Amino acid sequence: MKTAHARLWPTAALGLLALGLLALPDLAMADQIGLFTSSTQGAKTELTVKTQVLIVMTLLGLLPVLVLMMTSFTRFVIVLSLLRQALGLQQGLPNRIVTGVALILTLLVMRPVGETIWEKALQPYDQEKIGLQEALSIAEQPLSRFMLAQTSKSALAQVSRLAGEKAVDKPEQHAFTVKLAAFVLSELKTAFQIGCMLFIPFLVIDLVVSSVLMAMGMMMLSPLVISLPLKLLLFVLVDGWTLTVETLVTSVRGL
């Protein structure tokens, strides 16, 4: 059982956190009044079973997207997609392979955060040592630290201004939704920066091959036929996958 729990901690930990952050604060009260409650004029009323099931099923539908947005998956999948396009392997490298590699790297990078959430939040909650709200509060802290380490100050300030949030003394005091939105914007910017650096060498090869073919008068021959094997050969000789993975993993701060 312990081994099975260890295998499931990344999805379970981040999934529970996303579920709790989506739910309204009034829906997670003390254990003695049920899992979901509503408050009307100071009186606590338990929601019906149908309402609870509806809320849980709705949140579970949004869970995968939220979990991916709170991790480095966005950065990894964009960079790998740009690398595939630079190599000219739109058909040779399926989307499932790109998504799978990005997901594996995400699990590798998010392992310390997931372990912290599992040990300090989920296990005590499963053992009924702490309540749901306290578990969610504890689980939010390591995830917020991870996101803030990847978030630029300009993106955080912009999102805070757009959200109409008041000025805070520390970045940790921002609302979780503000930190999440700024984190996503920063991840997109970082992904495009890394993708641009990977794209340039292959762009140079395409330009050289096109110029040579034009000089030889072979305008009817597609440059892709010549440049594709050259790009693949260059990528293999420099051990491109190792360099790409190392660049992606080391680009994540706070590991």
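What to note about this one:
- Flag for S160 being surrounded by fewer than 18 Cβ atoms within 10 Å (Cβ to Cβ), out of contact with any Gly (no Cβ under 7 Å at 6 or more places or on another chain), assigned to a helix (DSSP H, G or I) and small (G, A, S): no
- Across region 163-190, the qualifying residues are those that are in a helix (DSSP H, G or I) and among the aliphatic types (A, V, I, L, M), and the one among them that is most open to solvent (accessible area, probe 1.4 Å) is L185.
- Helices (runs of 4 or more DSSP H) (entirely within region 111-154) containing at least 2 residues that are under 17 Å from V67 (Cα atoms) and open to solvent by less than 70 Å² (accessible area, probe 1.4 Å): 111-117, 132-150
- Subset tally (residues that are within 24 Å of D239 (Cβ to Cβ), in a helix (DSSP H, G or I) and open to solvent by 60 Å² or more (accessible area, probe 1.4 Å)) for region 65-94: 1
The values are calculated or read from the model by the stated rules, or taken from the named source; none is laboratory data. Since the model is a prediction, treat every value here as computed from it, not as a measurement. Neighbour counts run over all protein chains shown; Cβ positions are idealised from the backbone, glycine included. Each accessible area value is taken on the protein alone, full model and side chains, heavy atoms only, with ligands, DNA and RNA left out. Shrake-Rupley method; radii C 1.70, N 1.55, O 1.52, S 1.80 Å.
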